[in-house]
Amino acid sequence: MIKKLKELYIKADNEMGIDPRSDEVYAVAGLFDTPNEIIIAADKVSSSAYKDFDVHTPYPVHGLDDAMKLKPTKLGYFSFLFGLIGTISALVMIGWMSGIDYTSIVGGKPFFTIPPAIPITFELTVLFSGLVTVGVMMFLFNKLPWTNNPLMDTEYMKRVSSDKFGVIIKASDEKFNKEEAINYLKSLGSKDVSVIDKFKLREGNTRAPIFEKKFISALAATAIIAALGTYVTLNWLLFQDPFNFMWEQQKVTPQQPSEFFSDGFSVRTPPEGTVMRGFIPYEYKGLPDSMVKFLSNPLPVTQTVLDKGKTRYDTYCSPCHGYYGDGDSRLRGQFPNPPTIHSEKVRNWVDGNIYHVITNGQNVMPSYASQITREDRRAIVHYIRVLQRAKNATDEDLGITGKDTTGTQKNTQDTTTQNQPDTTK
Amino acid sequence: MIDYQHKPLPSKVSKLGLIMLVVGALGIGLSFVVDSHRAMFNYLIMYMFVLSIGLGSLGLVALEYLAGASWSTPFRRVSEFLASVLPLLIILVIPLLFGIHDLFHWSHPEAVEHDAILQSKEPYLNVPFFLIRVGVTYVLWLGFYYIFIRNSRKQDTTKDPKLTRTSGKFAALFAPIFMITITIAAIDFIMSLEPHWFSTMFGVYYFAGTVLAAFASLTFISVLLKQNGYLSSRISNSHFYSMGVLMFAFNVFWAYIGFSQFMLIWYADIPEETFWFIQRAEGSWLYFSYGLVLLHFIIPFLVLIPRSVKTNLQRLKIMAVWLLAAHYYDLYWMIMPVYSKEGVLFGWIEIMYPIAAVGLIRTMFTMQANKHNLMPIGDPKLESGLNFHLN
């Protein structure tokens, strides 16, 4: 069809007496028959005064680069530079994403570290340098899309793209003279020398074809069809038979009975007498306080243990007991407020008793055995002792801190912690 | 026409090789007297290094037949001569077999007795089967070595193109055997030093280093021969550029495999795998490991990128030697931490072994080069190989 169109154009041009070519010479071209001839010719031209010339062959001819005395291409520098940019941007990207913006712990590894970044760095390096290499080669070095290259639609181009080898000497060369160039190519042994003229600029429609109404509307139509197609596929088609096979799976979904087990439950009850791995039974479960009077706290009182106790206390205990154990619930009366832990009674309890209450529950307070681990419960007991001591500090205690009584609550707490005598054992 | 004339290498080449061999051998002997355990590990490193070059070169010879490559035909003899260390390895392996109890923890029955892991690995890791594997792999390597060499030498006089086809068929057979046997060698001699440890990529890791060492030694010797006029004058920069590219490629391949092995183990973080790397990250071994990344990958990678290095024979020669040294470094990194857990060991003992290895390869090469043509003048692909041009 394009061929037909082209013929129509040429016919129209001829009928209207328009020659698409101007009188301005673009180049003088000579054809040769064999690869050997073209290598000899290229060698001679490149050694002559002509600097602005080119060679065309139907297939790559080895040794032609040397004969033309071409310098090694600069393409490699682009590949290297953009490869480097790819490397750096990948590292910066991952560093920012996983190290700064969205830190999440994966397998206990540091947020940003080199090994997992290497594959992505590698990919981005290859991607950047690959795309830029192709792009620079096509658009910068080969000047595509060059739609009015004067060599197009010439007999010369037809021949060198099928069975002949050709040299052109361009008119832009400083030493160019039409007659001399023709004679020179003939002296090299070319049997077919032709002169190629530049194209005439067509008058009238000078708008770049990319802004034609037709092209723009075609582009818009394509975009709309693609968007609609994507939308329909993802939001409707994939939920229809038979594409919904990934949606309909043989599994139990929430609020649905299991069809696999006859009782309709998906979770199996472990056989009677099953003990969870690492489970150590609490022997005093359900027993009165008086039975645990002799239990002590095996955890040492260290800064780490107390810090842990504080975080666990703040998480699990403070909603009802308050941050400082005053029983000032933050739940605003949704549950009955617990009594303060600074009462004479609780202060005189042994550690085992507090532990027992956390593990076993008391009155309204349920058992926290399933939420808080044994270690953490013991750390909480230590922390409660810290709160009690801080709340009921004597003048002597303040003397230990070396600060006057206007010291902040936090300061008092911390120093008390460190200097607390081992009353808990 | 092929403007090649056989002339023997200058006598100083073989003399120097012989001196290095004798000095190295004396050093090795002395080291066994001084500290036989340490000497045994060094000996294993040297052995694996010589094996790399010999077996890797045999692999390159087979690869050329298999791929029908012609550009490398002018240099095939170099690889063939390098592979001539393979028959010698039968003798070189004997000290290792005597030192099997020094090297391999699994070879002690009393250790296996109390070790469930070693017990379940016992069907593979036991002394008789180990000896059988060593024997079978040697029979295979030597068999193919003699087939390729005999065909190649016969062709010098008969100029029979059919021999190339025959070798091509054997090369197709050798390709899988090469991969399997080199994996077995890597697992038996290096990986089983830590019998609890395993990595499914280990064979490929050693293979990558092996091919790199084979290319590096091929490049080094070819450049030397070309510079001194022992090869055809028609060998051009395109040939050496291709060698440089292949060295570069296999260096990257080595890094790729090495990193993949590391990253999978690092990510999974399973103690039964990580301890191998932890060993190499403790004390001075940490800096040694960083050195491996720097010397074996980063520096050669950056240096070999520009075209000017790959077409400049002098620089190419330096990089070939560099990569060979890096391969020795790599083997040291794989093997030595098993013996010296405290830190990097370096003394006169460690210097003697590379000297002996280089002396050995040099001596074998010059012996072969003086007896046979340095170019396969009867090969039908030689002409097109010499015409090879990249542009």
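The values are calculated or read from the model by the stated rules, or taken from the named source; none is laboratory data. All values reported here derive from a predicted model rather than from experimental measurement. Virtual Cβ from ideal backbone geometry, glycine too; neighbours counted across all protein chains shown.
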Worksheet item: Which residues, taken from segment B:227-255, are surrounded by fewer than 20 Cβ atoms within 10 Å (Cβ to Cβ), more than 20 Å from the chain's Cα centre (by Cα) and in a helix (DSSP H, G or I)?
Response: B:227, B:237, B:238, B:241
Discussion item. Kindly evaluate residue B:346 against the criterion of being of a type in the set (A, V, I, L, M, F, W, C), more than 22 Å from residue B:92 (Cα to Cα) and touching a Phe, Trp or Tyr at 6+ places or on another chain (Cβ under 6 Å).
Written reply: no
Fill in: Only listed residue being farther than 24 Å from residue B:60 by Cβ and without any contact (Cβ under 8 Å) to a residue 60 or more places away in the chain, chosen from B:268, B:249
B:268
Worksheet item: Is it true that residue B:305 is away from chain A (no Cβ under 14 Å) and surrounded by fewer than 20 Cβ atoms within 10 Å (Cβ to Cβ)?
Response: no
Response to the item:
Those residues of segment A:296-332 which are β-branched (Val, Ile, Thr), surrounded by 13 or more Cβ atoms within 10 Å (Cβ to Cβ) and assigned to a helix (DSSP H, G or I) amount to A:305, A:311, A:315
Worksheet item: Which of the residues belonging to segment B:7-26 are closer than 17 Å to residue B:45 by Cβ and either more than 22 Å from the chain's Cα centre (by Cα) or assigned to a loop (DSSP other than H, G, I, E, B) (or both)?
Response: none
Discussion item. Regarding segment A:256-276, can at least one residue be identified that is among the small types (Gly, Ala, Ser), surrounded by 11 or more Cβ atoms within 10 Å (Cβ to Cβ) and assigned to a helix (DSSP H, G or I)?
Written reply: no
Worksheet entry | Count - residues of segment B:58-93 that are part of a helix (DSSP H, G or I) and surrounded by fewer than 21 Cβ atoms within 10 Å (Cβ to Cβ) | 10
Worksheet item: Would it be correct to say that residue A:172 is of a type outside the set (Phe, Trp, Tyr), surrounded by fewer than 18 Cβ atoms within 10 Å (Cβ to Cβ), more than 14 Å from chain B (Cβ to nearest Cβ) and touching a residue at least 40 places away in the same chain (Cβ under 8 Å)?
Response: yes
Practice prompt. Report yes if some residue within segment A:352-367 is touching a Ser or Thr at 6+ places or on another chain (Cβ under 9 Å), polar (S, T, N, Q), assigned by TED's automatic domain parsing to the domain that holds residue A:392 and outside any helix (DSSP H, G or I); otherwise report no.
Written response: yes
Worksheet item: Which numbered condition trips up residue B:35, out of (1) over 30 Å from residue B:239 (Cα atoms); (2) touching a helix residue (DSSP H, G or I) at 6+ places or on another chain (Cβ under 6 Å)?
Response: (2)
Worksheet item: Which residue pairs have Cβ atoms closer than 8 Å, lie 6 or more positions apart in sequence or on different chains, and pair a first residue in segment A:141-153 that is farther than 16 Å from residue A:23 by Cα and assigned by TED's automatic domain parsing to the domain that holds residue A:169 with a second residue that is at pLDDT 75 or above and not basic (Lys, Arg)?
Response: A:141/A:73; A:141/A:75; A:144/A:138
Item to complete: Kindly establish whether residue A:97 is modelled with pLDDT of 90 or more, over 28 Å from residue B:309 (Cβ atoms), in the same structural domain as residue A:35 (by TED's automatic domain parsing) and not charged (D, E, K, R).
Response: yes
Item to complete: Taking only segment B:362-391 into account, find how many residues are in a loop (DSSP other than H, G, I, E, B), within 14 Å of another protein chain (Cβ to nearest Cβ) and within 16 Å of residue B:3 (Cα to Cα).
Response: 2
Response to the item:
Per the filter on segment A:81-113, residues surrounded by fewer than 16 Cβ atoms within 10 Å (Cβ to Cβ) and either under 30 Å from residue A:37 (Cα atoms) or at the interface with another protein chain (Cβ under 10 Å from one of its Cβ atoms) (or both) are A:106, A:107, A:108, A:109, A:113
Response to the item:
If we ask which residues in segment A:158-203 are in a loop (DSSP other than H, G, I, E, B) and over 11 Å from residue A:31 (Cα atoms), their number turns out to be 13
Worksheet item: Does residue A:173 count as charged (D, E, K, R) and in contact with a helix residue (DSSP H, G or I) (Cβ under 8 Å, 6 or more places away or on another chain)?
Response: no
Response to the item:
Note on segment A:14-40: residues acidic (Asp, Glu) and either part of a helix (DSSP H, G or I) or modelled with pLDDT of 90 or more (or both) are A:15, A:33, A:37
Worksheet item: Restricting segment A:351-376 to residues that are buried (at least 22 other Cβ atoms within 10 Å of the Cβ) and touching a Phe, Trp or Tyr at 6+ places or on another chain (Cβ under 7 Å), which is nearest to residue A:341 (Cα to Cα)?
Response: A:358
Worksheet item: Taking segment A:114-132 only, how many residues are within 14 Å of another protein chain (Cβ to nearest Cβ) and surrounded by 15 or more Cβ atoms within 10 Å (Cβ to Cβ)?
Response: 7
Worksheet item: Has segment A:279-295 got at least one residue that is touching a Lys or Arg at 6+ places or on another chain (Cβ under 9 Å), assigned by TED's automatic domain parsing to the domain that holds residue A:363 and either in contact (Cβ under 8 Å) with a residue 12 or more places away in the chain or outside any loop (DSSP other than H, G, I, E, B) (or both)?
Response: no
Discussion item. When the residues of segment A:54-80 are narrowed to those that are of a type in the set (Ser, Thr, Tyr) and away from chain B (no Cβ under 11 Å), which ends up farthest from residue A:159 (Cα to Cα)?
Written reply: A:59
